[in-house]
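Coordinate-derived values only; no laboratory data. Please read all numbers here as calculations on a predicted model, not as lab measurements. Methodologically, a virtual Cβ is constructed for each residue, glycine included, from the backbone with ideal geometry; neighbour enumeration extends over all protein chains shown.
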Amino acid sequence: MSHSQPSLFTPVELGDLTLPNRIVMAPLTRCRATNHQPNELMAQYYAQRASAGLLITECTMVSEGTSAFGNDPGIYSNEQVAGWKMTTDAVHTAGGRIFMQIWHAGRAAHPLFNDGQPSFGPSAIAIDGVTHTPEGKQPYSVPQELTKDQIRNIVKDFRQGAENAKLAGFDGVEIHGANGYLIDQFLRDSSNQRTDEYGGSMANRVRFLGEVIEAVSEVFGSGRVGLRLSPINGTQSMCDSDPIGWTEFLANYLNQFDLAYLHVMRADFLGIQKADVLSVARNHYKGHLMVNMGYDVNEANDEIANNDVQTIAFGKLMLANPDFVERAKMGAEFNVPNKDTFYTSGAEGYIDYPTLASA
């Protein structure tokens, strides 16, 4: 690689920010919040990883009563704002930058996690199969179809979530439009079978997302707003009849918003749906492109050296290696992630992974 080519370790502009490197910590659900309240343990976890160019938090609820995991954090109360302030202060003290991923679970929120409150979605179509609940594995519930008034209120919740994230000291927000949650449920035709202006054509299915982007951008400015999409991720019974056309439409549609970045997941967690959506996004999206899923350091460096993408988000490797940036730069070995502690409580498998300095 010549010195004129960028690498993972060269600075880059991302919206209104300048990142010291192109390594991003992907949003990772870890279930360490206590009754949806962010805490000191979480502040320590994120601060340990502050050498990355950008940290993106785990998905964070903008609306009360929409929990999909039980110990997922929220950003709808003053107490949560204060709790998250511990994280942003710790990350900024360590020299880092951090965006909050703001989120509504939609039909993936189970009533057993939410005091019996029903789940909601674009259409009354349940996710296939079962999910973990406080009462063991249970079938997903059939969501209630959202009314237009309810949709408007959720857009307001996203706006308020962004305002609260700003109060908590975040540098920006990432809108969660991926992985079978509410925005994704509107975007893909397997879960959205509405016949009003929020369903049917791609132009209609994207309407809710557009309203959320506009509301959130009014709070932070579009240069501090990112969006994550998962065109072929099949988790939570998601699919679209035309993922290539879907990706092309969205990439072109999103150009008007001048976002800080578009974060594209290139693969399917389940390994079933296959399509080269990344090339489509690259060919049609004019802004900063962030990519994710299954990259090692060599492939990531090649993608950036070829100017194919601007930043790469790492998930499991970042989870297990607080000093990921240093290890990547030195070509050092990485800690192996312990899957058994991904979603447990407490410090084990969360803040106790060794660094090179501590080993």
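In terms of surrounding Cβ atoms within a 10 Å radius of their Cβ, Val173, Val155, Val142 rank from fewest to most as Val142, Val155, Val173.
As a calculated quantity, the FRET efficiency between Ser4 and Ser201 at R0 = 41 Å, using C-beta atoms, amounts to about 0.35.
If each residue's Cβ is checked for other Cβ atoms within 10 Å, how do Ser51, Ser119 rank with the fewest at the top? Provide the component values of the computation, followed by the final result.
Values: Ser51 19, Ser119 24.
By the 10 Å Cβ count, ascending, the order reads Ser51, Ser119.
Sort largest first and round to whole Å: the equivalent ellipsoid semi-axes of region 262-324, each the square root of five times a Cα gyration tensor eigenvalue. Don't skip to the answer; put the middle values down first.
Working: eigenvalues 77, 52, 19 Å².
Its equivalent ellipsoid spans semi-axes of 20, 16, 10 Å.
Model label sites at Glu145 and Ser279, defined 7 Å from Cα along the beta-carbon direction, differ in position by 3.9 nm.
Taking the Cα centre of the chain as origin and charging only Cβ (+1 Lys, Arg; -1 Asp, Glu), how large is the dipole, in debye to the nearest 20?
Details: 27 positive and 41 negative charges, 22 e Å.
Result for the chain is approximately 100 debye, rounded to the nearest 20.
Positive-end ranking of Ala33, Val325, Ile351 along the dipole of the chain, with charges on Cβ about the Cα centre, is headed by Val325. Over the residues of the chain, the helix contribution to mean residue ellipticity at 222 nm works out to -9000 deg cm²/dmol, using -39500 (n - 2.57) for each DSSP H run of at least 4.
Relative to the present Cα-Cα distance, how much length would full extension add between Glu348 and Asp115 at 0.36 nm per residue of separation?
Extra length from Glu348 to Asp115 when fully extended: 81.0 nm.
Counting only lysines at least 8 places from Lys85 when in the same chain, those with an alpha carbon closer than 24 Å to its own are Lys156, Lys166. Straight-line cross-link partners of Lys316 among the lysines, defined as a Cα under 17 Å from its Cα and at least 8 positions apart when in the same chain: Lys339.
With contacts taken as Cα pairs under 8 Å at a separation of at least 6 residues, region 12-341 carries a relative contact order of 16 percent. Once backbone amide H atoms are built at 1.01 Å from N, Glu174 has Met100, Gln101, Ile102, Gly226 as its partners under 5 Å, excluding neighbours fewer than 5 places away on the same chain. In the chain, a dipole from Cβ-located charges (positive for Lys and Arg, negative for Asp and Glu) runs towards its positive end, and of Pro20, His263, Thr235 it is Pro20 whose Cα lies farthest in that direction.
How large is the charge dipole for region 238-317, taken about the Cα centre, if only the Cβ atoms of Lys, Arg (+1) and Asp, Glu (-1) carry charge, to the nearest 20 debye? Intermediate results must be reported in sequence, preceding the final value.
Values: 5 positive and 11 negative charges, 28 e Å.
Taking the Cα centre of region 238-317 as origin, the dipole is about 140 debye.
If a/c stays under 1.5 just call it rounded; otherwise compare a/b with b/c (prolate if a/b is bigger, oblate if not). Do that for region 88-213, with a ≥ b ≥ c from the square roots of the Cα gyration tensor eigenvalues.
Working: a/c = 2.23, a/b = 1.36, b/c = 1.64.
The shape class here is oblate.
Connecting C-alpha atoms closer than 10 Å in a GNM of the chain, tell me which of Pro38, Pro20, Pro134 has the biggest fluctuation. Its mean-square fluctuation being the largest, the pick is Pro134. Ordering Leu17, Leu167, Leu209 by the number of other Cβ atoms within 10 Å of each residue's own Cβ, fewest first, gives Leu167, Leu17, Leu209. In region 12-341, Rg over Rh equals 0.94, where Rg is the alpha-carbon radius of gyration and Rh the Kirkwood radius from pairwise Cα distances.
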